[in-house]
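**Student:** Here you go, one structure.
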Amino acid sequence: MLPGPARRQVALLLVVGALAGCAGGDERGGARPDEIRWLERLAAWQRQTGDAGADADEVYLAILGGDDRLRGRIDEVLNPIRECSKRLREDVGEVPTSRFEAGYALIGRACKQIDRANTEGAELMTRAGRLIEARLTANRPLPRLGGTSEESRVEPLFSKIGSELARKKVEVRCWSESEWPRVVGEWGAYIGTNDIGAFAQPSSDRTSLAPETCRALVDLAYEHERPERGDALDEVAYAVGVLAHESEHLLSPPASEAETECYGMQEIRRVARRLGADAAYANRLATRYWFEIYPSEPADYRSGECVDGQSLDAHPESPVWP
């Protein structure tokens, strides 16, 4: 079986791929191109390191289960973990500016601890993630501002609704048209994806929404618009679903996208009512989402268990769906 230090190394490495959000920072100009490229390299390193940890964990559990055939893979799967510091230097490289310097230095310290199978590495890695994310535009201070606005802001009503769904105090951030590209550009580089319409940061209890999503929610809540058909209806249903979905991420961070989407979709009626819709219109939005939006979502956002009476039905005793 794998020795205790190796098991701890696996656990530490799994932390790397799930660094969570943190408040702070005021970088309104956004990251420079060389910083974006560095964040992309860091994201790739996180994924590869996380994969290595997962491989080592799989081998470890298989050996514990009596499968001695995998003993020969121990060194193979542990080498990327043992070379944390070396891979960080070679694959990521020095940070190009002082903006992320403190976070990078902590990652280096964490790697040294991981190299030595020291459990202090986990704490250092988490702190490093917070330092880096604190310098992203997504975490800059914003004013609290409700009603119709095109400014980047913390939206009080949406935050209150998100808090109710997440069962704790959360912050919903609406971004301006001019600032959103910087927000998603940096965040996408950091997490390794360009497909972002909204995102949640569980450790800081924050959600960031695209301008068009906030606009649809504002029109529903403050302008009292109630489109009845076509794309306009889809836009409102989608926006309400996004607010519910991201709130579910804050409630249950470990849940898969399919689980989060299914449970969020079942909150659309509740969210719509809290945004001022009557019961009939809230039902219309939920039904529209189920029939028109959910079927066209990516495969990893859907599940065969997300149907009335199956395992992802949050209220199996109720005939109402979703």
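**Student:** Could you go through the stretch 232-241 and let me know if any residue there is among the hydrophobic types (A, V, I, L, M, F, W, C), surrounded by 15 or more Cβ atoms within 10 Å (Cβ to Cβ) and touching a Ser or Thr at 6+ places or on another chain (Cβ under 7 Å).
**Tutor:** First, the residues of the stretch 232-241 that are among the hydrophobic types (A, V, I, L, M, F, W, C): 232-233, 236-237, 239-240.
Then drop every residue that is not surrounded by 15 or more Cβ atoms within 10 Å (Cβ to Cβ), which leaves 233, 236-237, 239-240.
Adding the requirement that they be touching a Ser or Thr at 6+ places or on another chain (Cβ under 7 Å) leaves 239.
Checking the stretch 232-241: at least one residue is among the hydrophobic types (A, V, I, L, M, F, W, C), surrounded by 15 or more Cβ atoms within 10 Å (Cβ to Cβ) and touching a Ser or Thr at 6+ places or on another chain (Cβ under 7 Å).
Yes or no, residue by residue, for (1) closer than 17 Å to GLY129 by Cβ; (2) part of a helix (DSSP H, G or I); (3) β-branched (Val, Ile, Thr):
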residue: ARG69; (1), (2), (3): no, yes, no
residue: ILE81; (1), (2), (3): no, yes, yes
residue: LYS86; (1), (2), (3): no, yes, no
residue: GLU90; (1), (2), (3): no, yes, no
residue: GLU101; (1), (2), (3): yes, yes, no
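**Student:** Among helices (runs of 4 or more DSSP H) lying entirely in the stretch 116-224, which contain 3 or more residues that are within 18 Å of ILE36 (Cβ to Cβ) and either modelled with pLDDT of 95 or more or of a type in the set (Phe, Trp, Tyr) (or both)? Give the derivation first.
**Tutor:** Values: elements: 120-134, 156-166, 180-191, 211-221.
Qualifying helices (runs of 4 or more DSSP H): 180-191.
**Student:** Kindly indicate whether any position in the stretch 139-149 is over 17 Å from the mean Cα position of the chain (by Cα) and buried (at least 23 other Cβ atoms within 10 Å of the Cβ).
**Tutor:** The initial filter retains those residues of the stretch 139-149 that are over 17 Å from the mean Cα position of the chain (by Cα), namely 140-149.
Going one step further and asking which of them are buried (at least 23 other Cβ atoms within 10 Å of the Cβ), we end up with none.
No; the residues of the stretch 139-149 include none that is over 17 Å from the mean Cα position of the chain (by Cα) and buried (at least 23 other Cβ atoms within 10 Å of the Cβ).
**Student:** Could I ask something else about it? In the stretch 249-263, which residue that is under 15 Å from ALA286 (Cβ atoms) and of a type outside the set (A, V, I, L, M, F, W, C) is surrounded by the fewest Cβ atoms within 10 Å (Cβ to Cβ)? Don't jump to the end; show me each part of the working.
**Tutor:** Within the stretch 249-263, the subset under 15 Å from ALA286 (Cβ atoms) is 261-263.
Imposing the further condition that a residue be of a type outside the set (A, V, I, L, M, F, W, C) reduces the set to 261, 263.
Values: GLU261: 25, TYR263: 22.
The qualifying residue surrounded by the fewest Cβ atoms within 10 Å (Cβ to Cβ) is TYR263.
**Student:** Given the condition touching a residue at least 40 places away in the same chain (Cβ under 8 Å) and farther than 29 Å from SER149 by Cα, answer yes or no: does some residue in the stretch 261-283 qualify?
**Tutor:** Yes, the stretch 261-283 contains a residue that is touching a residue at least 40 places away in the same chain (Cβ under 8 Å) and farther than 29 Å from SER149 by Cα.
**Student:** Something else now. Pairs under 7 Å by beta carbon, first residue at pLDDT 90 or above in the stretch 89-100, partner hydroxyl-bearing (Ser, Thr, Tyr), six or more apart or different chains?
**Tutor:** Note: pairs meeting the criteria are VAL95/TYR104.
**Student:** Taking the stretch 245-270 on its own, how many of its residues are within 13 Å of the chain's Cα centre (by Cα) and of a type in the set (A, V, I, L, M, F, W, C)?
**Tutor:** 3
The values are calculated or read from the model by the stated rules, or taken from the named source; none is laboratory data. From a predicted model like this one, the values you see are computed outputs, not experimental measurements. In this analysis, Cβ positions are derived from the backbone assuming ideal geometry, glycine residues included, and neighbour counts consider all displayed protein chains.
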